[in-house]
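Data first, discussion second: the structure below is written as structure tokens.
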RNA sequence: GCCCCGGUAGCAUAAUUGGAUAAUGCAACGGUUUUCUAAACCGUAGAUUCCAGGUUCGAGUCCUGGUCGGGGCGCCA
């Protein structure tokens, strides 16, 4: 309905700037600020303009609303009619959730993409939970989504990894070698070394062994966390690809590259970067940025209409560079969306530590999942905006795990189920008109927002709105449940109330599964 | 020094992207169960939205300056 109002107003008043939003309680179901924005623009009196707008709306939506009115503040408020609400409820019961129509796009969603140099950290977990749910939502609304993980399997960090293992091997052999700070300090490196020693692997295979081992581990952690990828894309595949040559040739042809100190530079400063950047290092190897450019081009060549990246805030500089690169290469900028998530720090008592894989200072996703259930962990990340900085206190998380709001939502689901164990819903809703109570209509109103919320998130990527929504729906159900009896002497009423909670359960189930959470029948 | 993100109740966060009375969970206090699951419900208390200006019908949200915290400014990825 929200979109319908929006579309209608847009058509009627093409150059008006306005919003349709959910008002605070007591001001109807929807509201718009078009009246005073239009009044301002046309330098007209609000009182003169509003009636005309309302008249048009009333004509168009005579069935949907029982009241459309302008209030003192200038908002136009919409009150849904009982008939419309019941009609929508009927629709839900036939399991037809009508989503706003969209143009289906082929979307590449890249997330996590942690270096295969060790276990996933909580920062990676955040990206994993958020990306997974965003993908679910985009699919729900009708897009085709590929979940992609970019593996940085070449470059300096891989060499450091390999060298770290070699040193540990030497130490195992009783040699007294240095182990510098910049090497990977984690215990898993020692484990790798032990295994390599046992198997007697030759030194040239150490790199592949370590990468393989780490990747395997990463995949397993992600599966434990309920996250699956469609494509695992190796950076090394780009190395010999035509994309790299095309990029270099193109940039050269438009004179955006030059040589200096034995390296090949890209004139990023012409596009607003602080300084130029290296594409090919003086040792002849491509810099990571060259891979990034090639990767972007590669994604387009695979026919994606939209490419979404979810990156940690420590990459914010890369965002600029990537965007500049896309522009310089003449690729379509609007096909690239980059979302940054703020970092997750580690809190131990009063101390706050920055996670660092190399230093071995981190909590891994595995550690987390050993301490708290998967659903609690996922929800913890899903309820927060990407912009929120997180100081993660594992002890506190463990302690409060049983109080996590996720159980509030799941409990509503289970409660409904237990009613159905007493009395089954027979697939005939009966006379919906018997629904009269406030709690009942609050529930229906919340139900019909579901497609609107999903649509909203598919546009603004604010995944945490979904957990918010689920919480509200559960809240409205619990209130209803406490106040009104579902199974009663009154057969007709019992029937429609069963139908109502059936619809609630359907939508609750949808939100839970979109978030990748269990739908428990009992708790 | 420059760039990005944040500062909201004791704690952790929201606020539909400039809207109406700043919301939720945890923590605190009081109450509700012979009836479909009390992991619930009802109520009380708790906020100068970091500070100072500004923009306008309207600012937690935008602008300027400051302040505190996180991150980034490499021929590392």
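Could you give every pair whose Cβ atoms fall below 7 Å, whose first residue belongs to the stretch A:284-305 and is at positive phi, and whose second residue is more than 9 Å from RNA strand B (Cβ to nearest atom), counting only separations of at least 6 or pairs across chains?
Short answer, once both residue conditions are applied: A:303/A:106.
All but one of (1) in contact with a helix residue (DSSP H, G or I) (Cβ under 8 Å, 6 or more places away or on another chain); (2) away from RNA strand B (no atom under 16 Å from the Cβ); (3) in the same structural domain as residue A:212 (by TED's automatic domain parsing) hold for residue A:162; which doesn't?
Of everything listed in (1) in contact with a helix residue (DSSP H, G or I) (Cβ under 8 Å, 6 or more places away or on another chain); (2) away from RNA strand B (no atom under 16 Å from the Cβ); (3) in the same structural domain as residue A:212 (by TED's automatic domain parsing), residue A:162 misses just condition (2).
Taking the criterion of being surrounded by fewer than 19 Cβ atoms within 10 Å (Cβ to Cβ), touching a strand residue (DSSP E or B) at 6+ places or on another chain (Cβ under 8 Å) and closer than 30 Å to residue A:238 by Cα, would at least one residue in the stretch A:142-156 satisfy it?
Looking through the stretch A:142-156, at least one residue is surrounded by fewer than 19 Cβ atoms within 10 Å (Cβ to Cβ), touching a strand residue (DSSP E or B) at 6+ places or on another chain (Cβ under 8 Å) and closer than 30 Å to residue A:238 by Cα.
Being within 12 Å of RNA strand B (Cβ to nearest atom), in the same structural domain as residue A:419 (by TED's automatic domain parsing) and within 20 Å of residue A:416 (Cα to Cα) is true for just one of A:452, A:482. Which residue is that?
A:482
Is it the case, given these coordinates, that residue A:312 is near RNA strand B (Cβ under 8 Å from one of its atoms), crowded, with 18+ Cβ neighbours inside 10 Å and in contact (Cβ under 8 Å) with a residue 60 or more places away in the chain?
So residue A:312 passes the test.
All but one of (1) closer than 19 Å to residue A:248 by Cα; (2) near RNA strand B (Cβ under 7 Å from one of its atoms); (3) touching a helix residue (DSSP H, G or I) at 6+ places or on another chain (Cβ under 9 Å) hold for residue A:281; which doesn't?
Among (1) closer than 19 Å to residue A:248 by Cα; (2) near RNA strand B (Cβ under 7 Å from one of its atoms); (3) touching a helix residue (DSSP H, G or I) at 6+ places or on another chain (Cβ under 9 Å), residue A:281 violates only (3).
Out of all the residues in the stretch A:331-352, which are away from RNA strand B (no atom under 16 Å from the Cβ) and in contact (Cβ under 8 Å) with a residue 24 or more places away in the chain?
If the condition is that a residue be away from RNA strand B (no atom under 16 Å from the Cβ) and in contact (Cβ under 8 Å) with a residue 24 or more places away in the chain, then A:331, A:332, A:335, A:336 are the ones that fit.
Residue by residue through the stretch A:399-411, note down the ones that are surrounded by fewer than 14 Cβ atoms within 10 Å (Cβ to Cβ) and either within 25 Å of residue A:341 (Cα to Cα) or within 8 Å of RNA strand B (Cβ to nearest atom) (or both).
A:400, A:402, A:403
Taking residue A:107, is it at pLDDT 95 or above and farther than 30 Å from residue A:429 by Cα?
yes
How do the helices (runs of 4 or more DSSP H) wholly within the stretch A:319-418 filter down when requiring 1 or more residues that are within 20 Å of the chain's Cα centre (by Cα) and not assigned by TED's automatic domain parsing to the domain that holds residue A:508: which remain?
A:365-371, A:374-382
Among the helices (runs of 4 or more DSSP H) lying completely within the stretch A:2-88, list those that include at least 1 residues that are near RNA strand B (Cβ under 8 Å from one of its atoms) and either without any contact (Cβ under 8 Å) to a residue 40 or more places away in the chain or surrounded by fewer than 12 Cβ atoms within 10 Å (Cβ to Cβ) (or both).
Passing ranges, in order: A:34-42.
The values are calculated or read from the model by the stated rules, or taken from the named source; none is laboratory data. Given the structure is predicted, the values throughout are model-derived calculations rather than measurements. Don't worry about glycine lacking a Cβ; one is built from the backbone with ideal geometry, like all the others, and counts go over all protein chains shown.
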